[in-house]
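Q: Sending over a structure as structure tokens; questions will come in a sec.
The values are calculated or read from the model by the stated rules, or taken from the named source; none is laboratory data. All of these numbers come straight from a predicted model, not from anything done at the bench. No Cβ is skipped: glycine too gets one built from the backbone with ideal geometry, and neighbour counts run over all protein chains shown.
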Amino acid sequence: MTDPVLFTQGLCKSFGALRVTNNLDLRIEAGARHALIGPNGAGKSTLVNLLTGVLKPSSGRVWLNGEDITRLPAAERVWKGLSRTFQVSTIFPRLTAFEAVVLAVCRRERLLRNPSRLLSGCKPQAEEAWDFLGRFGLTGVADRQMGELAYGQQRLTEIVLALAARPKVLLLDEPAAGVPAQDSEALFSAIENLPRDVAVLFIEHDMELVFRFAEKITVLVAGESFREGVPAEIASDPDVRRVYLGDEDDE
Amino acid sequence: MTSKRVLLHIESLCAGYGESIIIEDIGFSLAAGSSLALLGRNGVGKSTLFRTLLGHARQRSGVIRFNDRDISGTTPYARVWQGLGWVPQERLMFPSLTVAEHLAIADRKGAWTLDRVYGLFPRLKERQRNLGGQLSGGEQQMLAIARALMTNPTLLLLDEPLEGLAPIVVKEVGDCIRRLVEEEGQAIILVEQRVKFALRLTEAALVLDRGRVAYSGSSNDLLNNARLLDDLIGLRSGSNLQGQRSGGEVRREPDGITAGGQS
Amino acid sequence: MIKSFAIAVVSAGVLLQSAAIAEQAPLRIGLVYCFSGPFALAGAQVDAAINLFMKRHGDVVAGRKVEIVRRDTTGPAPDVARRLAGELVTREKVDILTGIDFTPNAMAIAAVSTEAKIPVFSMNAGSSAFLPKAPYGARFSFSVPQQAVPLASWAASSGIKSVYSLVADYSPGLDGEKAFQTEFKRAGGQIVGSVRVPLNNPDFGSYLQRIKEAKPDAVFVFLPSGGGDLPVLFLKAFNEAGLSASGVKIIGTGETDEVSIDALGDAALGMVTASHYSAAHESELNKAFVRDFEASTGGKQRVSFAAVAAYDTMAAIYKLAEAQNGRLDPEKTVELLKGLKLDSPRGPIEIDGSRDIVQTIYIRRVERRNGRLENIEFSSVPNVPATEAR
Amino acid sequence: MTMVALRSLEPVRLLAERSRWRAAEFVFWSFVVASYFLFPGYLVLISQILIAGLFALSLDLLLGFGGMPSLGHAAFFGLGAYTAGLLGQMGWGEPISGLLLSGIVAGVFGLVCSLFLSRLRTTAFLMVTLTLGLLLREFANRWSGLTGGDDGLSDIALWPLFGVFRFGLSGHTAFWYGLCVTFIVFLLVRRLVHSPVGLALEAMRENERRAVALGISPRLMVIAIFTLSSAIAGLAGALLTQTTSFVALEVLSFERSAGVLIMLVLGGVGTLYGALVGAAVYLVARDVLSALDPVYWYFWLGLIIVMVVLFANDGLVGLSQRLQARAVRRWEAA
Amino acid sequence: MMIASVLELIFNGVAYGIVLFLIACGLSITMGLMGFTNLAHGSIVMFGGYLVVALMKGFGWPFLATIPAAFVVCALVGAGFERLLFRRLYSAGELNQVLLTIGLVFISVAIATYLWGAGQQPLQMPAYLNARLSLGLFEVSSYRLFLLLVGGAMTGLLALVFERSNLGAQVRAAVDNRQMAMSCGINVDRLFTLVFAVGCGIAGTGGALSVNLLGLDPSFPLRYLVFILIVVTVGGSGSIWGTLIAALLLGICDVFSKYYVPEAGAFTIFALAAVILFWHPQGLFGRAAT
């Protein structure tokens, strides 16, 4: 077994008396395709927020690439190689898709520390951004403001933005949510073609996507890791079935 | 018995949020006193259709006739006065209002009175002094339904009323809805992932796919045509965890113009 | 009689010199003052007084037609004041600058006058810092110590043994505090407490409670006059706190001026102030002045010290221009200013060697006369210099 | 032409397009220069417009690009003004070094403030900056030994610019000095806006959560932009001191903070030129109206403001851009 | 003696706080409900004050009768403005609202100067409000006591309406979720007008009651703008209790600091506001931004 690129140790988060994440140990291997599923209120969003640094854990630790990042602010975790997308499309409405990706590339290359550099002088970065957009078939809309893009294109742009940071771990929060059927194939193939050296942790409830891509599945129930295994194991596990469904059709 | 009056008539309706278009060219009619199941996969635009009927989404073109009156372009509250009631998927409790206040502000003259609503949901009466945010999921759902009933709707739009409820509560709320339809004769449009429940309860069914009408006909026919049901709603498509989508999470369609509501 | 004769002579002069007027450029007076905002009342006074003067004395002096070019400083805004003064000099080619309201504006205008070598006559207080910065400047109003020192002397000599001092926290207030306290202590009085209140201060309650506990014979106040809100708020709170009932006197300077006194209302009755002008001043000259002023404003305005200063400034300008054949040479004007005497509605005034005003300071008490509140003079100190003689 | 060539050209073109100098910009600056000859009697007014424009520009950087509304920006303007004034009073009257030093002092104070402000946004940011400005004004009033209190600072001996050009009444030196400083700062700000940092700022304004997910640290951005904005405000304040040889408490007043916000919103937020246009319109309107109607000019100024909001709610620059776009469409249609 | 003086300070602080509350609470309600930043709120307060003066001086009305009149007239004026002007700006962004209402402040200042002159308005309170009353340990002015009673009664009434009545529930529902409130059949447009009118009415009443303590001249809206903003933001917009507690807190702290550390001048109130907002950016009782 390889060393995990991202893992948590005894992660807990409580809101008042309510414990949302409970003593969670999660291991994401390098290059993994890891899905996180679970019924409503299982604490998936909270976990994402704990991993990305939006929330601070009540106790426990988060390690990235052998480094304790528990205390790092969100932005600095991105510098260490943890990128994410959002559940509900989160974009810069008045920036063009191209500008946003250029920004992501420039940030990665630490050009934000150099305010004397003009954007028009960022030729290699521009070309790299263009390539990224090209890989996802977005060059046609590159110069349009993100707010005007179709929803599917926005979601793709979000993945491009996350990838442009060249992360070690990519966290996809319900990438397929709200994407219309005709666009979902483009999205699926984009996810399929994500670079193999990037570990992908995706939170999804679209089982089609989960079983198509996941090599490992963690079922989260009430803030705890309920089951973990390869898709076939999870699919055939009667406990998972019972817990995840909550109930069968009532008649 | 004469043929029933048309309560709701929709014609080539096209709508969305902001610049986006989510439902395209939808049309159907609903007779007075009858009920309709509105089905389709997640994100096909069912909630958006509701929001368009209620005046919260942007209607691009088409006609919405309700009670023989064109209501497109009228304000959302005028539509409530016309007789449209709404039980939103997100329940949309008012955190700073008590249960009793939720019912009081929605109160309009008609057959549904506070006593009758409390009769239908005795649990709400017990909790009438509690704030909206302090209720359990099931109680919130009951309150959402009760609140809509207080407006005395001729047509009640129910958006996934059983979503995210514990099994026992599903039964309780489901029974209430059934009583509402079968005993009180309330006309409803029901969006529900529990397809069988929805189809058994209603007379007609409408299935949407990608913002368009994919099936329009009798609920019973659809219920008894497993193949068609599979094709239309994808109950068994995609995964080997068959049917689990119905119990899984449902995407929240955010209100407002965030693009998250697009299908 | 003499006046009407003067008018006749001037009018005759106008007729005789009408040909010459066409050739001679007008005498332009740049008036920089605040006409809008909270202190617009003083601006209205100045305007009316100048109009009255020109109505009485004609708009021609030594053959030159007099023109007033007005500019609004909009409040304490020295950058605006400096620009307006500069534009008056460079673009409007004025012969003299006058008006001058808030201290910072005065300082900014002083700089313009110095650089452009143009006389500048102040119609309003300005702190003691103004004249040293304006070699071509003169002051026709008053200085804060000029009023505060006689007030302190009077207080000490009339049985007031202990005083609490309350001043607004700005430079005239601090000037007043210092002048009053120094003189009062010198004269054997005791200052039992001292407080500076912010200019934007809605509630005086706590200050008055302190005063009440200090049990002074009187409270010395210096608050922005000319229509500000603080005197009104102070007096209301003073009565509310029961201080007037317990016999504590209020002494001050300009708080009861005629544009503020009606707003103060009966609460001001009995207040003793020291000032250089009261509309109730007993002299023929003043009675005529008050009558004409009120007539010219349709009875809407009462005359206050701001109007008198403007009137006297105009008189000085006319006199100085006449002495120089219609010109206002800066050096010559300064020369002529020294020792210049005018018979003003306020009494005799004189400009001394430091180009500052020497005048009589009156001690007055607020009383109701003929149905309206007036500052009734009951004691006076003649020839008080504006700059403290040390 | 091959596909490869096309691919490498397009992205660079897109980026260059963003920062390209537009014809309207040349017209604008030519007009500013030409105003020296067109309105020789109004040079002081124009230099004060430039100073107010520079001040508004500093606020535009903060509000228009950083998305942070400040109602206490006069604090930094005033700090610059007092620094320049004190330097002059202490005998250092060299204008350019005095200007730079004033900018640095205001910037350092801005840096200190931003450490506290960086966790606040929107209304809270607005109100805390407001109280900060009020506190600083109170402080300056109290510390009259240094600031001259209400009397202000005079006796500011300013040496001629480059040892040659005196700051005279007519405002020739003030005009060119103000124009050069404003233009240089404008160029720097324009450059910054069209640099990756400017893009990051816009991203943060548009969606802070997403910007964080790109690895942009909002705290560092707020600190950086607030410091820079404060320094520019300080430069503007110092310019005012140097061209008027006087400092009054009023440079720290709430009225000045509110005034600059009005100018900026009037001109158009987030456009850079809005700051200059707004300052010009506001000050000219005030000057003209207060000369026409010294007592009630407030009324007309208020009316103009209301009309602008009702009929050009993206500011005057936005209005002119819309009119221009409409004209272009008409012209193309014809 | 010590206790009496502290009690008197508290009394004065509460009375001052009540005045601050009265002039600010209307804005808190409208800002909380409509998200409309109305900097011209102070103009309405001023108008209420002038109305009192005009009615008392011009028509010889008794002071007490002018207070309801100020409420009614200001409410009508507010409703008119909401219908004609503000409604168009609900979605225009905070900056445009700020600019528009500042423009209105300028206009109102000029109009007040034109109608009533630039000076302070004299206002003679009836004798029973100019008296001193003994409350056992200490004496108080009858006016401050009156303020306390009327202010307290108004707060109670407001709280009652806001928290207990159906109208109040409708308002809270619309603040919580405007869309859902509309879909309960609430005519939100009319509700906005009504609430705006009530907010302006309270402002007018606040003006009427505060003239005697705060003075009245055309620059009133500008002079008290900062105070109003501080009270509303410290309390948290939309919360009546929050506004009341903020006003009382600021009033009492101001009075105490002026008594014990008069050198602090205006520092205390500003510093206090800055510190509170630094720790509670949404105000003491504000909702977190969603």
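Q: Got a sec? Which of E:Ala208, E:Ala197, E:Ala169, E:Ala203 is within 14 Å of chain B (Cβ to nearest Cβ), modelled with pLDDT of 90 or more and either within 23 Å of the chain's Cα centre (by Cα) or surrounded by fewer than 23 Cβ atoms within 10 Å (Cβ to Cβ) (or both)?
A: Every option except E:Ala169 fails the conditions.
Q: Would you check which residues across segment E:78-110 are outside any helix (DSSP H, G or I) and out of contact with any Gly (no Cβ under 9 Å at 6 or more places or on another chain) and list them? Break it down stepwise before answering.
A: As a first pass, look at segment E:78-110 and keep what is outside any helix (DSSP H, G or I): E:85, E:90-93.
Those that are outside any helix (DSSP H, G or I) and out of contact with any Gly (no Cβ under 9 Å at 6 or more places or on another chain): E:Leu85, E:Ser91, E:Ala92, E:Gly93.
Q: Output the residue which, of all residues in segment A:16-53 that are in a helix (DSSP H, G or I) and not polar (S, T, N, Q), is surrounded by the fewest Cβ atoms within 10 Å (Cβ to Cβ). Walk me through it before giving the result.
A: Our first condition is that a residue be in a helix (DSSP H, G or I); within segment A:16-53, this holds for A:44-52.
Now drop any that are not not polar (S, T, N, Q), which leaves A:44, A:47-48, A:50-51.
On the way: A:Lys44: 24, A:Leu47: 27, A:Val48: 22, A:Leu50: 25, A:Leu51: 24.
So, considering only residues that are in a helix (DSSP H, G or I) and not polar (S, T, N, Q), the one surrounded by the fewest Cβ atoms within 10 Å (Cβ to Cβ) is A:Val48.
Q: Just give me the residues in segment D:121-147 being of a type in the set (Ser, Thr, Tyr), buried (at least 20 other Cβ atoms within 10 Å of the Cβ) and closer than 21 Å to E:Leu272 by Cβ, in sequence order. Before you say what the answer is, go through the steps one by one.
A: First, pick out the residues of segment D:121-147 that are of a type in the set (Ser, Thr, Tyr): D:122-123, D:129, D:131, D:144, D:147.
Adding the requirement that they be buried (at least 20 other Cβ atoms within 10 Å of the Cβ) leaves D:123, D:129, D:131, D:147.
Correct list: D:Thr123, D:Thr129, D:Thr131.
Q: What pairs come out if I take residues in segment A:2-29 that are at negative phi and pair them with residues that are among the basic types (Lys, Arg) whose C-beta lies under 7 Å away, six or more apart or interchain?
A: Here the result reads A:Pro4/A:Arg27; A:Val5/A:Lys168; A:Phe7/A:Arg27; A:Thr8/A:Arg61; A:Gln9/A:Arg61; A:Cys12/A:Arg19; A:Val20/A:Lys13; A:Thr21/A:Lys13, each pair linking segment A:2-29 to a residue that is among the basic types (Lys, Arg).
Q: Continuing with the same structure: Return the residues of segment C:78-135 that are closer than 26 Å to C:Gly353 by Cβ, surrounded by fewer than 24 Cβ atoms within 10 Å (Cβ to Cβ), at pLDDT 90 or above and of a type in the set (D, E, K, R); say none if nothing qualifies.
A: C:Lys117
Q: Another one. Can you tell which of A:Asp183, A:Asp143 is over 26 Å from A:Asn65 (Cβ atoms) and in contact with a strand residue (DSSP E or B) (Cβ under 8 Å, 6 or more places away or on another chain)? Steps first, please.
A: On the way: A:Asp183 fails: in contact with a strand residue (DSSP E or B) (Cβ under 8 Å, 6 or more places away or on another chain).
Selected residue: A:Asp143, the only one of A:Asp183, A:Asp143 that is over 26 Å from A:Asn65 (Cβ atoms) and in contact with a strand residue (DSSP E or B) (Cβ under 8 Å, 6 or more places away or on another chain).
Q: Taking only pairs six or more apart or across chains, which ones have beta-carbon atoms under 6 Å, a first residue in segment D:174-191 that is among the polar types (S, T, N, Q), and a second residue that is in a helix (DSSP H, G or I) and surrounded by 22 or more Cβ atoms within 10 Å (Cβ to Cβ)?
A: What qualifies is D:Thr182/D:Leu50; D:Thr182/D:Leu54.
Q: Name the single residue, out of those in segment D:88-120 being part of a loop (DSSP other than H, G, I, E, B) and more than 14 Å from every other protein chain (Cβ to nearest Cβ), that is surrounded by the most Cβ atoms within 10 Å (Cβ to Cβ). Spell out the reasoning first.
A: The initial filter retains those residues of segment D:88-120 that are part of a loop (DSSP other than H, G, I, E, B), namely D:90-94, D:118-120.
Those still in the list that are more than 14 Å from every other protein chain (Cβ to nearest Cβ) too: D:90-94.
Numbers: D:Met90: 10, D:Gly91: 7, D:Trp92: 15, D:Gly93: 19, D:Glu94: 16.
Among those that are part of a loop (DSSP other than H, G, I, E, B) and more than 14 Å from every other protein chain (Cβ to nearest Cβ), it is D:Gly93.
Q: Here's a follow-up. Would a scan of segment E:136-144 turn up a residue that is assigned to a helix (DSSP H, G or I) and either among the basic types (Lys, Arg) or modelled with pLDDT under 85 (or both)? Full working, then the answer.
A: Initially, segment E:136-144 is screened for residues assigned to a helix (DSSP H, G or I), giving E:142-144.
Adding the requirement that they be either among the basic types (Lys, Arg) or modelled with pLDDT under 85 (or both) leaves E:144.
Yes, segment E:136-144 contains a residue that is assigned to a helix (DSSP H, G or I) and either among the basic types (Lys, Arg) or modelled with pLDDT under 85 (or both).
Q: Turning to a different aspect of this structure: When E:Ser239 is evaluated against the numbered criteria (1) surrounded by fewer than 24 Cβ atoms within 10 Å (Cβ to Cβ); (2) over 26 Å from D:Arg256 (Cβ atoms); (3) more than 12 Å from the chain's Cα centre (by Cα), which criterion, by number, is the only one it fails?
A: The one condition E:Ser239 does not meet is (1).
Q: Take the residues in segment E:111-134 that are of a type outside the set (Val, Ile, Thr) and part of a helix (DSSP H, G or I), then tell me which one is nearest to the other protein chains (Cβ to nearest Cβ).
A: Of the residues in segment E:111-134, the ones of a type outside the set (Val, Ile, Thr) are E:112, E:114-134.
Filter once more, so that each one left must be part of a helix (DSSP H, G or I): E:112, E:114-116, E:127-129.
On the way: E:Ala112: 10, E:Tyr114: 6, E:Leu115: 11, E:Trp116: 11, E:Ala127: 11, E:Tyr128: 13, E:Leu129: 10 Å.
The extreme case among them is E:Tyr114.
Q: Look through segment A:217-240, keep the residues that are among the charged types (D, E, K, R) and crowded, with 16+ Cβ neighbours inside 10 Å, and return whichever of them is nearest to A:Thr46 (Cα to Cα). Steps first, answer last, please.
A: Filtering segment A:217-240 down to residues among the charged types (D, E, K, R) leaves A:224, A:227-228, A:233, A:237, A:239.
Pick out the ones that are also crowded, with 16+ Cβ neighbours inside 10 Å and you get A:224, A:227-228, A:237.
Numbers: A:Glu224: 12, A:Arg227: 18, A:Glu228: 19, A:Asp237: 25 Å.
The extreme case among them is A:Glu224.
Q: Residues in segment C:300-310: is at least one of a type in the set (Gly, Ala, Ser) and without any contact (Cβ under 8 Å) to a residue 60 or more places away in the chain?
A: no
Q: Just a yes or no: is a residue in segment D:22-32 loosely packed, with under 15 Cβ neighbours inside 10 Å, away from chain A (no Cβ under 14 Å), assigned to a helix (DSSP H, G or I) and among the polar types (S, T, N, Q)?
A: yes
Q: Tell me which residues, restricted to segment C:374-390, are part of a loop (DSSP other than H, G, I, E, B) and either within 19 Å of the chain's Cα centre (by Cα) or among the aliphatic types (A, V, I, L, M) (or both).
A: Start the filter on segment C:374-390 by keeping residues that are part of a loop (DSSP other than H, G, I, E, B), which leaves C:386-390.
Within segment C:374-390, C:Ala386, C:Thr387, C:Glu388, C:Ala389 qualify.
Q: Filter segment A:107-141 for residues that are among the aliphatic types (A, V, I, L, M) and more than 7 Å from every other protein chain (Cβ to nearest Cβ); which is nearest to D:Val212 (Cα to Cα)?
A: So the first thing to find is which residues in segment A:107-141 are among the aliphatic types (A, V, I, L, M), and the list is A:111-112, A:118-119, A:126, A:129, A:133, A:138, A:141.
With more than 7 Å from every other protein chain (Cβ to nearest Cβ) added as a condition, the list becomes A:133, A:138, A:141.
Working: A:Leu133: 21, A:Leu138: 23, A:Val141: 24 Å.
Selected residue: A:Leu133.
Q: I'd like to check which strands (runs of 3 or more DSSP E) are fully inside segment C:182-256 and have at least 2 residues that are at the interface with chain E (Cβ under 9 Å from one of its Cβ atoms). Before you say what the answer is, go through the steps one by one.
A: Numbers: elements: C:190-197, C:218-222, C:249-252.
It comes to C:190-197.
Q: Do we have E:Ile102 as crowded, with 23+ Cβ neighbours inside 10 Å, within 7 Å of another protein chain (Cβ to nearest Cβ), over 29 Å from B:His102 (Cα atoms) and under 23 Å from the mean Cα position of the chain (by Cα) here?
A: Working: crowded, with 23+ Cβ neighbours inside 10 Å: yes; within 7 Å of another protein chain (Cβ to nearest Cβ): yes; over 29 Å from B:His102 (Cα atoms): yes; under 23 Å from the mean Cα position of the chain (by Cα): yes.
Yes; evaluated as a whole, the condition is true for this residue.
Q: Let me ask another. Every residue in segment E:244-261 that is facing another protein chain (nearest Cβ under 8 Å) and surrounded by fewer than 18 Cβ atoms within 10 Å (Cβ to Cβ), please.
A: Once the filter is applied, which keeps residues that are facing another protein chain (nearest Cβ under 8 Å) and surrounded by fewer than 18 Cβ atoms within 10 Å (Cβ to Cβ), segment E:244-261 yields only E:Phe256.
Q: Additional query: Anything in segment B:173-213 that is of a type outside the set (S, T, N, Q), crowded, with 19+ Cβ neighbours inside 10 Å and farther than 22 Å from B:Phe66 by Cα? List them, or say none. Can you show your working first?
A: If we filter segment B:173-213 for residues that are of a type outside the set (S, T, N, Q), which is where we start, we get B:173-185, B:187-192, B:194-201, B:203-213.
Next, only the ones that are crowded, with 19+ Cβ neighbours inside 10 Å stay: B:173-174, B:177, B:180-181, B:187-192, B:194-195, B:197-199, B:201, B:204-209, B:211.
Hits for segment B:173-213 are B:Val173, B:Gly174, B:Ile177, B:Glu192, B:Arg194, B:Val195, B:Phe197, B:Ala198, B:Leu199, B:Leu201, B:Asp209.
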